Amino acid sequence: MGAEFVQFSLTPILIGTFAAIACALPGNFLILRRQALIGDAISHVVLPGIVVAFLLTGTVAALPMLLGAGGAALVAVVLIEAIRRVGRIEPGAAMGVVFTALFAGGVLLLEQSDTSRVHLDVEHALMGNLETLIWLRAGDGWASLADPVALAHLPDELPRMAVAAALIAALTVIFWRPLKLSTFDEGFARAIGLPVSAIGLGLVIAAAVAAVAAFDAVGSIIVIAMFICPPAAARLMTNSLARQVWLSVGFATLSAVAGYVLAGYGPLWLGFDNAVSAAGMIATVSGVILGLACLFGPHRRRVGVAAGA
Amino acid sequence: MTAETLTLAATDGTATAAGLDPSSPLAVRGLTVSYGEKPALFSVDATFPAGAMSAIVGPNGAGKSTFLKAALGLIPAVSGEVRIFGAPLSAARDRIAYVPQRASIDWDFPTTVIDVVLMGRYRKLGLFRRVSRSERAAALEALDRVGMEAFADRQIGQLSGGQQQRVFLARALAQEAELYLLDEPFAGVDAATEKAIIDVLKSLKAQGKSVIAVHHDLSTVADYFDHVFFVNVRAMGEGPVDRAFTPGALAQTYGGRLAATHLDQLTLAGG
């Protein structure tokens, strides 16, 4: 693997891996709390947020996009809570209504607005643009990793996604005990004085940060898949939460790397001369891993819950 | 909602908590809890004795569990005040051990028996302190007291209902508290577990600890408990079992829901 790999494959693979890990980590706890839909909801409502941010600012710069996406996530959470209370509808249904409606609204807005001169369309929202996040300045191959000029031209998404993944990993380690305790037994956690509501909100915010940071680079397909597939597969492989979280990181990494490689070279190996969507292939690989875990995992008794959560 | 925000003030500005017995492990005044429009508990007063075993008794839906949860601040109260050994809840967390209903959690959670018991040491361990040998020993001893030491490394999903309940009790023992609050500890457990649990609770009492349990089996109230508190949305009476556990109190608490044949089978005060 030489210069070409570093230029064209290294950065998309790393970005995909960081995005997958950032989503899989909170996904572990969301699944155990039967809140896996929240990841789904957040990754959908990001679209109208980004479109509105674009309409207001006229750019697709990172900061307005992130603020728009974050704002939309906030609006969605408030709407879900309001519908649940006013309409007395169960949370899952309220979430389903809100995120599909907001996503649909985002699609309409996108269609009506003039986004032809920027890379912002429904396809991008779903599948991201992982293949375009290449590192052209890395002409010296691996030596470019030590070249400050080349490093300065890394795609912005790489440091952003790396920081998001590192932040979420650090939060997971720091709040491991309260997260585990309040996920396992909320009543007991409250009784010993843990701020259970704040922990739950923090988890949702961490999931939102992962979804928003990942969305731009890899699209909502990967985000949704990574919230659910690696943690659910990991749950079927072990009965220890710590091992489950480590395994989910492993499965997320495997999905990202294998998915990207398969998307780029798989069709060639089969004799076709085109490549397929990396985002689609990464999500598919994660689904295949979950399927294998369902069939062969040692703790697959809970398949129904994991798949339906 | 914290206990402080619930504190009522009398018209002269002094906190009415002054009227609550500071020696009582759990004293409650004017506790009102509402789910939606209908109150689940309405202006409940109760004072539990220290160093005794107390039962909270009442029909289904009378607010027994709600009473415990509101006293612990797990659900918000509309009004009322709670004192634990005379102190507000926030200052007394280390003195309370709580055993929730077994059915309230998902037993397929990926964790082991010893891990669950170690959760009882959380307030001592905090975020980062390593689980030392002595912490682990304390957890194993708690498991030993409920006869579950051999199951320490077992996956919790593999336990029977009775074993689950014993693990919950072991976690409460690991908290080394002075007041033990249990929500239906005998619900759906086998006879051996019921015996094991009651033995542990009696040994706690012998050590001077206070035990308060939501209890649904009227036939064992007189055998197991010293003190009884009747509740059916409102407080329906309280006192030592040998004086307060009367047909009249039961009839008043349960309305028409207790058949006379049930009453015949009970060990009742003055009977």
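The values are calculated or read from the model by the stated rules, or taken from the named source; none is laboratory data. Only a predicted model underlies this, so the values are computations on that prediction, with no experimental measurement involved. All Cβ positions, glycine included, derive from the backbone under ideal geometry; neighbour counts span all protein chains shown. Ligands, DNA and RNA are stripped out before the accessible areas are found, and what is left, the full protein with its side chains, is counted by its heavy atoms. Shrake-Rupley method; radii C 1.70, N 1.55, O 1.52, S 1.80 Å.
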- Task: Please work out if residue B:144 is within 8 Å of chain A (Cβ to nearest Cβ) and open to solvent by 10 Å² or more (accessible area, probe 1.4 Å).
- Result: no
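For the stretch B:166-202, what are the residues that are assigned to a loop (DSSP other than H, G, I, E, B) and closer than 17 Å to residue B:220 by Cβ?
Our first condition is that a residue be assigned to a loop (DSSP other than H, G, I, E, B); within the stretch B:166-202, this holds for B:175-178, B:184-190.
The answer is B:184, B:185, B:186, B:187, B:188, B:189, B:190.
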- Item | Checking residue A:162 against (1) open to solvent by less than 20 Å² (accessible area, probe 1.4 Å); (2) touching a residue at least 24 places away in the same chain (Cβ under 8 Å), the condition it does not meet | (1)
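Open to solvent by less than 50 Å² (accessible area, probe 1.4 Å), among the small types (Gly, Ala, Ser), away from chain A (no Cβ under 14 Å) and not in a helix (DSSP H, G or I): which single residue out of B:213, B:222 fits that description?
Values: B:222 fails: not in a helix (DSSP H, G or I).
Being open to solvent by less than 50 Å² (accessible area, probe 1.4 Å), among the small types (Gly, Ala, Ser), away from chain A (no Cβ under 14 Å) and not in a helix (DSSP H, G or I) holds for just one of B:213, B:222, which is B:213.
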- Query: residue A:216 versus (1) more than 14 Å from chain B (Cβ to nearest Cβ); (2) among the charged types (D, E, K, R); (3) open to solvent by less than 10 Å² (accessible area, probe 1.4 Å): which is the lone unmet condition?
  - Reply: (3)
- Filtering the stretch A:63-98 down to residues that are of a type outside the set (Lys, Arg) and outside any helix (DSSP H, G or I), which residue is surrounded by the most Cβ atoms within 10 Å (Cβ to Cβ)? A:89
- Cross-chain or 6+ apart pairs with Cβ under 8 Å, the stretch B:85-109 first and over 19 Å from residue B:126 (Cα atoms) and within 11 Å of chain A (Cβ to nearest Cβ), then of a type in the set (Lys, Arg) and open to solvent by less than 20 Å² (accessible area, probe 1.4 Å): B:99/B:171
- Return yes when residue B:20 is within 11 Å of chain A (Cβ to nearest Cβ), surrounded by 17 or more Cβ atoms within 10 Å (Cβ to Cβ) and farther than 30 Å from residue A:299 by Cα and no when it is not. no
- Query: Can you find even one residue in the stretch A:168-191 that is over 22 Å from residue A:31 (Cβ atoms) and either within 11 Å of chain B (Cβ to nearest Cβ) or among the hydroxyl-bearing types (Ser, Thr, Tyr) (or both)?
  - Reply: yes
- Task: Could you give me the residue pairs with C-beta distances under 6 Å whose first residue belongs to the stretch A:137-152 and is at negative phi, whose second residue is open to solvent by 70 Å² or more (accessible area, probe 1.4 Å) wherever it lies, and which are 6+ apart or on separate chains?
- Result: A:137/A:153; A:150/A:137
- Message: Residues that are modelled with pLDDT under 90 and farther than 30 Å from residue A:2 by Cα, at least 1 per element: which helices (runs of 4 or more DSSP H) completely within the stretch A:106-182 meet that?
- Response: A:122-127
